1. May I ask you to verify whether Ala355 is surrounded by 19 or more Cβ atoms within 10 Å (Cβ to Cβ) and at pLDDT below 95?
2. Give me the pairs: first residue in the stretch 179-197 and basic (Lys, Arg), second residue assigned to a loop (DSSP other than H, G, I, E, B) and crowded, with 22+ Cβ neighbours inside 10 Å, beta-carbon distance under 8 Å, and six or more apart or on different chains, which are they?
3. Residue by residue through the stretch 106-144, note down the ones that are in contact (Cβ under 8 Å) with a residue 24 or more places away in the chain, among the polar types (S, T, N, Q) and part of a strand (DSSP E or B).
4. Could you grab the pairs with beta carbons closer than 6 Å, sequence gap of 6+ or different chains, first residue in the stretch 24-38 and within 16 Å of Ala112 (Cβ to Cβ), second one in a helix (DSSP H, G or I) and of a type in the set (S, T, N, Q)?
5. For Arg156, indicate whether it is among the basic types (Lys, Arg) and either more than 23 Å from His250 (Cα to Cα) or surrounded by fewer than 17 Cβ atoms within 10 Å (Cβ to Cβ) (or both).
6. Within the stretch 173-189, can one find any residue that is within 30 Å of Phe10 (Cβ to Cβ) and surrounded by fewer than 16 Cβ atoms within 10 Å (Cβ to Cβ)?
7. Select the strands (runs of 3 or more DSSP E) contained entirely in the stretch 287-362, then report the ones holding at least 3 residues which are touching a residue at least 12 places away in the same chain (Cβ under 8 Å) and touching a helix residue (DSSP H, G or I) at 6+ places or on another chain (Cβ under 7 Å).
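The values are calculated or read from the model by the stated rules, or taken from the named source; none is laboratory data. Remember, predicted model here, so these are calculated numbers, not experimental data. Glycine also receives a Cβ, built like all others from the backbone with ideal geometry; neighbour counts cover every protein chain displayed.
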Amino acid sequence: MVKRAYKYRFYPSPEQAELLNRTFGCVRLVYNRALEARTRAWAVDRQRTTYVQSSGWLTEWKRTDELAFLNEVSSVPLQQTLRHLQAGFVAFWDKRSRYPRFKSKRKSRASAEFTRSAFRWRDGRLTLAKMTSPLNIVWSRPLPEGAEPSTVTVSRDAAGRWFVSILVEDPTVKPLPSAAAEVGVDAGITSLLTLSRPMPGVSDERGKVANPRFGQADRRKLAKAQRNLSRKQKDSANRAKARLKVARIHARIADRRRDHLHQLTTRLVRETQTVAIEDLSVRNMLRNRRLARVISDAAWGQFRSMLEYKAQWYGREVIPVNRWLPTSKTCSTCGRINTTLTLNERVWTCPGCAAEHDRDINAARNILAAGLAER
């Protein structure tokens with residue numbers, strides 16, 4: 001059975017907010033101390049430490065006068081952050097990610113993870129360890145019937161909003177009936193996506209999905225808020241208020257973008273059996289200073305991530321296609337490569353078979369053909 005996280009907004013009481021803020025601080029401190037100790041152990045003694053050793057360090061830290069305040073919060077989030085650090089080191093050793101970095105008070109995500117021993121779930125009411133009253137959660141959608149949370153993650157974003165993510169086994173997530181449709185997807189900027197064939201409710205009659213450009217819609221408002229922030233004195237109350245205003249605009253943009261991508265990927269997964277996409281390196285593409293803003297706003301990486309995990313849930317197939325294939329320059333009718341095609345030519349005629357192509361639609365068709373060939 002698939003485990004699925006349901007995320008809700010909640011409104012803590014002043015006492016709950018104070019306890020959670022202290023927990024976030026302790027989680028960050030323990031993570032940074034453990035990372036520093038593990039780094040030092042390797043640099044000085046060439047000793048590779050483990051989670052078990054870092055857990056022993058935590059016990060020793062709690063016994064000191066300097067860090068005795070760690071006993072005031074639940075021990076489970078502190079242990080969980082050490083497990084996350086261990087996972088980061090494993091990913092680094094396997095060359096799947098960079099070396100773990102220290103958590104910043106202002107830039108890192110404020111969160112704490114509670115396992116089953118650190119919260120109480122009764123009659124749909126959630127009470128965390130060290131708290132006397134349940135959280136005031138806004139149940140925007142119901143949990144699956146009879147669901148029992150296994151993990152609860154509490155977080156606070158830069159805009160000051162509080163969220164709780166509840167991990168449960170979801171019996172409603174199961175493979176969909178097989179579909180015959182297959183589609184190739186070409187990511188772009190003018191159009192967010194171009195499909196190899198039109199899909200009613202997803203694309204227009206040509207197969208193109210409009211790019212909403214949520215970041216551009218609020219660019220003036222964001223620029224004004226950022227200019228206002230830059231004029232405030234550092235560490236002042238007015239600067240904190242201005243920073244919160246900027247964060248709220250960013251949150252609005254991110255929320256709208258995420259909602260749009262969820263709707264788009266859900267429709268694609270439900271209506272197609274196979275989706276072929278380009279294996280783009282978005283991180284490298286963001287180095288282009290002229291296009292970095294619009295590429296970030298398009299969120300191609302987030303689109304792919306959503307598409308892949310939903311396809312895995314519902315028994316669909318996502319095929320990544322080599323990004324170096326000349327999909328835009330290859331005629332999808334006869335296969336001839338037009339080596340003279342330039343980037344500003346959006347419509348071109350094949351010199352071999354005289355077929356007229358829209359550059360993006362032609363690329364989407366070639367992506368689908370390449371994906372099916374790689375099965």
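1. no
2. As it stands, the answer is Arg197/Gly207, since those pairs meet every condition given.
3. Scanning the stretch 106-144 gives Ser111, Thr115.
4. Val27/Thr81; Val30/Thr81; Tyr31/Thr81; Ala34/Ser54
5. no
6. Kept after step one, since they are within 30 Å of Phe10 (Cβ to Cβ), are these residues of the stretch 173-189: 173-174.
Still in the list and also surrounded by fewer than 16 Cβ atoms within 10 Å (Cβ to Cβ): 173-174.
Scanning the stretch 173-189, I find at least one residue that is within 30 Å of Phe10 (Cβ to Cβ) and surrounded by fewer than 16 Cβ atoms within 10 Å (Cβ to Cβ), so the answer is yes.
7. Filter on the stretch 287-362 gives 317-321.
To keep it simple, each residue is scored yes or no on (1) closer than 20 Å to Arg156 by Cα; (2) of a type in the set (Gly, Ala, Ser); (3) in contact (Cβ under 8 Å) with a residue 60 or more places away in the chain.
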{"site": "Gly56", "(1), (2), (3)": "no, yes, no"}
{"site": "Val73", "(1), (2), (3)": "yes, no, no"}
{"site": "Ala91", "(1), (2), (3)": "no, yes, no"}
{"site": "Tyr99", "(1), (2), (3)": "no, no, no"}
{"site": "Ser104", "(1), (2), (3)": "yes, yes, no"}
